[in-house]
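The values are calculated or read from the model by the stated rules, or taken from the named source; none is laboratory data. Keep in mind it's a predicted model, so treat the numbers as computed, not measured. Cβ placement follows ideal geometry from the backbone for every residue including glycine, while neighbour counts extend to all protein chains displayed.
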Amino acid sequence: MESPTLAKPKESALRAAFPVLSRKVHGKPLVYLDNAATTLKPAAVLDAMDHYYRHGTANIHRGIHTLAEEATAAYEGARDRVAAFVRASSRGEILFTRGTTESINLVAQAWGRGALKPGDEILLTGMEHHANLVPWQLLRDATGAVLREIPVTEAGELDLGALPGLLGERTKLVAFPWVSNALGTVNPAAELVRLVRQHCGGKILVDGAQAVSHFPVDVGALDIDFLAFSGHKLYGPTGIGVLWGRESLLEAMPPWQGGGDMIKTVTFESASWNELPHKFEAGTPAIAEAIGLGAAVAFVEETGWETIRERENELRRYAEPLLGAVPGLRLLGAAGERAPVFSFNLPGVHPSDIGALLDTEGIAIRTGTHCTMPLHARFGLSASARASFAFYNTRHEADLLLQGLDKVLRLTR
Ligand code: PMP
């Protein structure tokens, strides 16, 4: 908890931490509203990665020379930081992967292939990112399991009333996004977990890609089995992500990739596995990126959840009615609890034209399906435009977005 006597950090100081925010696009100051795709990186992250390459490049776990020991300490130190960040019960529960996508594929392959039989059920939601859908389709095809879906209401929320009827003894896994990358909906994770535990013995995987940058996470308190997230949506670099898994499950799972570092002993005929977490980290990992992620976690902790949450809530409360007042604008979803993520359509304007015209004003948004084709189909859409805010955005930038949309409407009328 932060001391209430601490002065609020100045907006300009918060923004100064992000070098990219000082650049111009088409002669206009950059207005970066594509944070759900990837967040900007603070100088502290860039410096940590630069330091590793400039002063201490070495491979980890293998060498006894100074540089190798320093690199190993930095890489494993990043793991400790991440473990504390999500309140893991041990550092062995933190597996470094390439990102959320790889974390989910790891569970689907290493856990799913052994755990599922024909007719077993995997329960997902109608608001999945393709990363939390396609790996389960592949697993279904390999095992004969069946995919089922929690429907999404018109308000963009999960239909929890349907949940008990979808759960049963065949349910082996329930996976859901904590925060929808398209709707911004914050799903009631604790309530979902309670209902799942009440009705079945299935495992629970949470796609935390859009959650971990918005609020603190405690995997033990939430009583889940797996949490997947990406470094690059948490102010860290691309190419690094995390799978947190309950230790007993990770212990029981076979490795999913073979190679150096994940073994204890090898003969020509066979091999035995290294202990956690190394059993799941074959080959040279993304060392600089893990160090960068450790720096990103430290940056978030130094900035403080109170600051992040207060600013993001304020931006959401400010921007939502402004967008709602744009003539004809259709906002996807209207969940009571949402992150500052807004997908929308304008009448008679293709989303990619919205994105291209806003870009000429220096405003970066995302257009397309945001890797949620089934969700867009649910709302009868083939695409949308999405503006997503982070704590370093400002009310002024929300005003600029509105002015930009005004211009889009004038130019396309
Ligand atoms: N799930 C959600 C909810 C996401 O928003 C994303 C990224 N857009 C992913 C999964 C996949 O993350 P990554 O591409 O970093 O693996």
Count of segment 207-223 residues which are surrounded by 24 or more Cβ atoms within 10 Å (Cβ to Cβ) and either charged (D, E, K, R) or farther than 22 Å from residue 391 by Cβ (or both): 1
Residue match in segment 100-110 (condition: within 30 Å of residue 356 (Cβ to Cβ) and buried (at least 22 other Cβ atoms within 10 Å of the Cβ)): yes
Condition check for residue 302: in contact with an Asp or Glu (Cβ under 6 Å, 6 or more places away or on another chain) and either modelled with pLDDT under 95 or of a type in the set (Asp, Glu) (or both): no
Any hit, segment 159-172, residues being within 11 Å of the ligand (Cβ to nearest atom) and under 30 Å from residue 79 (Cα atoms): no
Any hit, segment 378-401, residues being more than 16 Å from the ligand (Cβ to nearest atom), over 28 Å from residue 130 (Cβ atoms) and of a type in the set (A, V, I, L, M, F, W, C): yes
Condition check for residue 201: away from the ligand (no atom under 16 Å from the Cβ), out of contact with any Gly (no Cβ under 8 Å at 6 or more places or on another chain) and outside any helix (DSSP H, G or I): yes
Count of segment 264-285 residues which are buried (at least 17 other Cβ atoms within 10 Å of the Cβ) and among the hydrophobic types (A, V, I, L, M, F, W, C): 3
Any hit, segment 354-364, residues being out of contact with any Pro (no Cβ under 9 Å at 6 or more places or on another chain), in contact (Cβ under 8 Å) with a residue 12 or more places away in the chain and under 18 Å from residue 233 (Cβ atoms): yes
Which listed residue is closer than 24 Å to residue 295 by Cα, surrounded by 14 or more Cβ atoms within 10 Å (Cβ to Cβ) and in contact with a Phe, Trp or Tyr (Cβ under 9 Å, 6 or more places away or on another chain), from 87, 91, 79: 79
Subset of segment 324-335 (residues that are crowded, with 18+ Cβ neighbours inside 10 Å and assigned to a helix (DSSP H, G or I)): none
Set 97, 39, 72: member being touching a His at 6+ places or on another chain (Cβ under 9 Å), at pLDDT 95 or above and within 16 Å of the ligand (Cβ to nearest atom): 39
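Among the helices (runs of 4 or more DSSP H) lying completely within segment 1-91, list those that include at least 3 residues that are among the acidic types (Asp, Glu) and within 22 Å of residue 297 (Cβ to Cβ).
In segment 1-91, 66-85 are the helices (runs of 4 or more DSSP H) which contain 3 or more residues that are among the acidic types (Asp, Glu) and within 22 Å of residue 297 (Cβ to Cβ).
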Enumeration of residues in segment 148-206 that are surrounded by fewer than 21 Cβ atoms within 10 Å (Cβ to Cβ), among the charged types (D, E, K, R) and within 13 Å of residue 125 (Cα to Cα): 148, 149, 159
All positions within segment 203-239 that are among the hydroxyl-bearing types (Ser, Thr, Tyr) and farther than 15 Å from residue 98 by Cβ: 213, 235
Residue under evaluation residue 76, criteria (1) without any contact (Cβ under 8 Å) to a residue 24 or more places away in the chain; (2) over 30 Å from residue 175 (Cβ atoms), criterion not met: (2)
Pair list, Cβ < 8 Å and 6+ apart or interchain, from segment 283-300 residues that are in contact (Cβ under 8 Å) with a residue 24 or more places away in the chain and at negative phi to residues that are hydroxyl-bearing (Ser, Thr, Tyr) and outside any helix (DSSP H, G or I): 289/238; 296/235; 299/235; 300/213; 300/235
Every pair of residues 6+ apart whose Cβ atoms lie under 8 Å, when the first sits in segment 228-255 and is assigned to a helix (DSSP H, G or I) and modelled with pLDDT of 95 or more while the second is away from the ligand (no atom under 11 Å from the Cβ) and among the aromatic types (Phe, Trp, Tyr): 249/111; 249/226; 250/280
Residues (within 26 Å of residue 45 (Cα to Cα) and of a type outside the set (Val, Ile, Thr)) located in segment 201-225: 207, 208, 209, 210, 211, 213, 214, 215, 216, 218
Those residues of segment 313-333 which are in contact with a strand residue (DSSP E or B) (Cβ under 9 Å, 6 or more places away or on another chain), touching a residue at least 24 places away in the same chain (Cβ under 8 Å) and among the hydrophobic types (A, V, I, L, M, F, W, C), in sequence order: 319, 323, 326, 329, 332
